[in-house]
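Before any comments, here is the structure.
The values are calculated or read from the model by the stated rules, or taken from the named source; none is laboratory data. Computed from a predicted model, the values in this text were never measured in an experiment. Don't worry about glycine lacking a Cβ; one is built from the backbone with ideal geometry, like all the others, and counts go over all protein chains shown.
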């Protein structure tokens, strides 16, 4: 999933993406002098499980991952045991972007509750509480997964139906991402292209080879342009 062929991404374009990030009028979100991507989710969450796939694919075009863990969503929630990755303990290196991935809770309940995992910093908590609510998003306040792309775009919820990944292993999903005709590629790669298009705005259209690709150009047309 960190090496989806460029030709596949170009063929998919926006694919079958069902929801896209919304443009917001907000201060720039940065870390270490670079635009920052903030992800807030939880390991039990099936919608987070779905959305991590395009997040990983998109950010792989701007940098490199290490320490991504394989896991599944909760067994006792909707879309049980959806194969996914976890940002808990993962690291991301890029010349263009910084990334903070927060998994607030584990996937298996203890005494009826999902145990706490990662904690948001005070600054990230303020970003989450401020922008994960209407009018910046279309859903309910506090929903996950939440994404803030450099303070320019935000999203809450999955960009496609997690049901699409039902019964698939990590290996099967990863293999499907390389086939532009597969429903999984149309959803995940399409979502990744849309995220990439938004991130290219944040990075000043860098790297050029990524941001000028036909798949990204097609996906850019789906982005909500009006500031909230």
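Which of the numbered conditions does residue 225 fail, given that it passes all the others? Conditions: (1) closer than 19 Å to residue 151 by Cα; (2) more than 17 Å from the chain's Cα centre (by Cα); (3) modelled with pLDDT of 95 or more.
Only one criterion is unmet by residue 225, namely (3).
Out of (1) touching a helix residue (DSSP H, G or I) at 6+ places or on another chain (Cβ under 8 Å); (2) over 17 Å from residue 158 (Cα atoms); (3) surrounded by 17 or more Cβ atoms within 10 Å (Cβ to Cβ), what's the single condition that is false for residue 55?
Of everything listed in (1) touching a helix residue (DSSP H, G or I) at 6+ places or on another chain (Cβ under 8 Å); (2) over 17 Å from residue 158 (Cα atoms); (3) surrounded by 17 or more Cβ atoms within 10 Å (Cβ to Cβ), residue 55 misses just condition (2).
Checking residue 113 against (1) touching a strand residue (DSSP E or B) at 6+ places or on another chain (Cβ under 7 Å); (2) at negative phi, which single condition isn't satisfied?
(1)
Kindly indicate whether residue 210 is buried (at least 19 other Cβ atoms within 10 Å of the Cβ), under 16 Å from the mean Cα position of the chain (by Cα) and touching a residue at least 40 places away in the same chain (Cβ under 8 Å).
no
Here are some conditions: (1) within 27 Å of residue 75 (Cβ to Cβ); (2) buried (at least 22 other Cβ atoms within 10 Å of the Cβ). Residue 174 meets all but one. Which one does it not meet?
(2)
Quick one: count up the residues across the range 114-142 that are free of Cβ contacts under 8 Å to residues at least 24 places away in the same chain, in a loop (DSSP other than H, G, I, E, B) and under 27 Å from residue 223 (Cβ atoms).
Total satisfying the criteria: 6.
In the set 37, 78, 20, which member is under 30 Å from residue 181 (Cα atoms), under 15 Å from the mean Cα position of the chain (by Cα) and part of a loop (DSSP other than H, G, I, E, B)?
Going through 37, 78, 20 in turn, just one is under 30 Å from residue 181 (Cα atoms), under 15 Å from the mean Cα position of the chain (by Cα) and part of a loop (DSSP other than H, G, I, E, B): 20.
Filter the range 97-113 down to the residues that are surrounded by fewer than 19 Cβ atoms within 10 Å (Cβ to Cβ) and not in a strand (DSSP E or B) and list them by number.
If the condition is that a residue be surrounded by fewer than 19 Cβ atoms within 10 Å (Cβ to Cβ) and not in a strand (DSSP E or B), then 108, 109, 111, 112 are the ones that fit.
Quickly run through the range 54-75 and pick out the residues that are assigned to a loop (DSSP other than H, G, I, E, B), under 24 Å from residue 167 (Cα atoms) and within 15 Å of the chain's Cα centre (by Cα).
Once the filter is applied, which keeps residues that are assigned to a loop (DSSP other than H, G, I, E, B), under 24 Å from residue 167 (Cα atoms) and within 15 Å of the chain's Cα centre (by Cα), the range 54-75 yields only 68.
Which of the numbered conditions does residue 191 fail, given that it passes all the others? Conditions: (1) touching a helix residue (DSSP H, G or I) at 6+ places or on another chain (Cβ under 7 Å); (2) in a helix (DSSP H, G or I); (3) over 25 Å from residue 77 (Cβ atoms).
(3)
Taking only the range 8-19 into account, find how many residues are closer than 25 Å to residue 93 by Cα and either touching a strand residue (DSSP E or B) at 6+ places or on another chain (Cβ under 8 Å) or without any contact (Cβ under 8 Å) to a residue 60 or more places away in the chain (or both).
0
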